[in-house]
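The values are calculated or read from the model by the stated rules, or taken from the named source; none is laboratory data. Please read these numbers as outputs of a predicted model, since none were measured by experiment. Positions of Cβ are generated from backbone atoms using ideal geometry, with glycine treated the same way; all protein chains shown enter the neighbour counts.
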Amino acid sequence: MSDHDTDETLEDLPLAALPLDAWHRACGARMVPFAGYAMPIQYEGILAEHKWTRENAGLFDVSHMGQLLLSGPDLDAAVEAVLPIDLSTLKLGQQRYSLLLDENGGVLDDLMVSRWPEALYLVVNGATKWDDIGTLRVALPDDITIHHMDEHALLALQGPKAVDALARHVPEAAGLTFMKFGRFKLAGHDVTIARAGYTGEDGFEISLPAAVAAEVADLLCAEPEVKPIGLGARDSLRLEAGLPLYGHDLSPETSPIEAGLTFGINKRRRTEGGFPGAERIIREINEGPARRWVGLTIEGRLPAREGAEVFAGAQKIGKVTSGGFSPTLQVPIALAYVASAHAAIGTQIEVAVRGKRLAATVTPTPFVPHRYYRGS
């Protein structure tokens, strides 16, 4: 799941403080505006933090995300009229990726949905959460309650040694598999822990009362495997993992089929429809979209950034949506929308960077394999 940078309207507003604002500053974080909040972009350096997370475990503060609890009569039917999800297959203790779409099938947000007792728990992107709440209030029946859990923080513990560090405090969490969650005690506090994340690594997301977030962050960072990690490495990790960032790779101008997110439209809904934008979505599933979101590896050392144009000969065929230098692969990588005729793996194309045409190859994603824990 994803988030996007501050835009002009957000930059005009005073920045909100995260529950861990003072904690980040005490840890030496460099703070920047992001999604309307002051957020830590790095502590000791993006490259070092990226490498640490790939090899050990990093603690990310993602409390800017929106945590919503939906409840009320006929909840599943009400939510299925808004999201292209099949809630009949979502069991207690499971979570699933889904999408909030407009009437044209454009992506308003991507989000996670979890089955709680008598409720559904949603995690939405920070910069879109107020719009999402507004969209849901309009779209859902009046007797559906939307509780914005703004008294909670959200921490992500990510990396191959995350399970070792967390299991010393919550042994039962080691029994979770990817996209499963449970309610546990951590340092004596009630928390919800899901085995999920946004780095491509194994890891956990921990929802907890904001008042105890600093205590839990100190506890976890006291483990030898764990260091605090900022937004900079979060972005380079998710880029290597081929995961979309809302507001860059996804927007109301993109459809989930173009973005390769057909799995976010559950199987029954692909034929039945009954959600916003269903007509376009089902048509693109059956006929194929005009463009597709692809991975690119670029020759040389110069990275292509968002907005760089993509060419096949003299023909402009697309645009880069995310790009950077891969610390793991030591090559520039990018994600781009290109015309479907040029989207096949191995296709040779060019990307315009600083007035030069750089040779690039359409490459499978993820660039670095996911290491989610699905059980032994």
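Residues that are assigned by TED's automatic domain parsing to the domain that holds S322, crowded, with 21+ Cβ neighbours inside 10 Å, over 23 Å from the mean Cα position of the chain (by Cα) and part of a strand (DSSP E or B): does segment 286-295 have at least one? The answer is no, given that none of the residues of segment 286-295 is assigned by TED's automatic domain parsing to the domain that holds S322, crowded, with 21+ Cβ neighbours inside 10 Å, over 23 Å from the mean Cα position of the chain (by Cα) and part of a strand (DSSP E or B).
For the condition under 20 Å from L261 (Cβ atoms) and among the polar types (S, T, N, Q), S98 qualifies. Is it the case that segment 202-224 has a residue that's touching a helix residue (DSSP H, G or I) at 6+ places or on another chain (Cβ under 9 Å), under 27 Å from E44 (Cα atoms) and of a type in the set (S, T, Y)? Checking segment 202-224: not a single residue is touching a helix residue (DSSP H, G or I) at 6+ places or on another chain (Cβ under 9 Å), under 27 Å from E44 (Cα atoms) and of a type in the set (S, T, Y).
Taking the stated definitions as given, is E258 acidic (D, E), in a loop (DSSP other than H, G, I, E, B) and within 20 Å of N125 (Cα to Cα)?
So E258 fails the test.
Of the residues contained in segment 69-85, one or more are found to be assigned to a strand (DSSP E or B), among the polar types (S, T, N, Q), modelled with pLDDT of 95 or more and not assigned by TED's automatic domain parsing to the domain that holds F204. Of D218, D202, D164, all but one fail to be touching a Pro at 6+ places or on another chain (Cβ under 8 Å) and modelled with pLDDT of 95 or more; the exception is D202.
Of all residues in segment 261-273, those being more than 11 Å from Y97 (Cβ to Cβ), not in a loop (DSSP other than H, G, I, E, B) and not polar (S, T, N, Q) number 5. Identify all residues within segment 324-356 that are buried (at least 22 other Cβ atoms within 10 Å of the Cβ) and more than 18 Å from P256 (Cα to Cα); write none if there are none. Scanning segment 324-356 gives P332, I333, A334, I349, V351.
Among the residues of segment 341-353, is there at least one that is under 23 Å from N104 (Cα atoms), in a strand (DSSP E or B) and among the hydrophobic types (A, V, I, L, M, F, W, C)? Quick ask: steps written out before the conclusion?
Looking only at segment 341-353, we keep the residues that are under 23 Å from N104 (Cα atoms), and these are none.
Within segment 341-353, none of the residues are under 23 Å from N104 (Cα atoms), in a strand (DSSP E or B) and among the hydrophobic types (A, V, I, L, M, F, W, C).
Could you list, in sequence order, the residues of segment 307-318 that are part of a strand (DSSP E or B) and surrounded by fewer than 17 Cβ atoms within 10 Å (Cβ to Cβ)? Residues satisfying the conditions are E309, A312, Q315, K316. Does segment 44-58 contain any residue that is assigned to a strand (DSSP E or B) and surrounded by fewer than 23 Cβ atoms within 10 Å (Cβ to Cβ)? Checking segment 44-58: not a single residue is assigned to a strand (DSSP E or B) and surrounded by fewer than 23 Cβ atoms within 10 Å (Cβ to Cβ). Of the residues in segment 146-196, how many are polar (S, T, N, Q) and surrounded by fewer than 18 Cβ atoms within 10 Å (Cβ to Cβ)? Qualifying residue count, segment 146-196: 1.
Tell me yes or no: at least one residue of segment 176-196 is of a type in the set (D, E), more than 24 Å from Y97 (Cα to Cα) and free of Cβ contacts under 8 Å to residues at least 40 places away in the same chain. Write out each step before concluding.
Looking only at segment 176-196, we keep the residues that are of a type in the set (D, E), and these are 190.
Narrowing the set further to residues that are more than 24 Å from Y97 (Cα to Cα) leaves 190.
Keeping just the survivors that are free of Cβ contacts under 8 Å to residues at least 40 places away in the same chain gives 190.
Taking every residue of segment 176-196 in turn, at least one turns out to be of a type in the set (D, E), more than 24 Å from Y97 (Cα to Cα) and free of Cβ contacts under 8 Å to residues at least 40 places away in the same chain.
Just one residue in the set T365, T328, T321, T361 is touching a His at 6+ places or on another chain (Cβ under 7 Å), closer than 20 Å to E240 by Cα and either in the same structural domain as S236 (by TED's automatic domain parsing) or among the β-branched types (V, I, T) (or both); that residue is T321.
Of the candidates L92, L70, L83, the single residue that is closer than 17 Å to R268 by Cα and either crowded, with 19+ Cβ neighbours inside 10 Å or in contact (Cβ under 8 Å) with a residue 12 or more places away in the chain (or both) is L83.
Tell me which residues, restricted to segment 86-104, are in contact with a Gly (Cβ under 8 Å, 6 or more places away or on another chain) and part of a loop (DSSP other than H, G, I, E, B). Spell out how you get there, then give the answer.
Start the filter on segment 86-104 by keeping residues that are in contact with a Gly (Cβ under 8 Å, 6 or more places away or on another chain), which leaves 93, 97-99, 101-104.
Within segment 86-104, G93, D102, E103, N104 meet the criteria.
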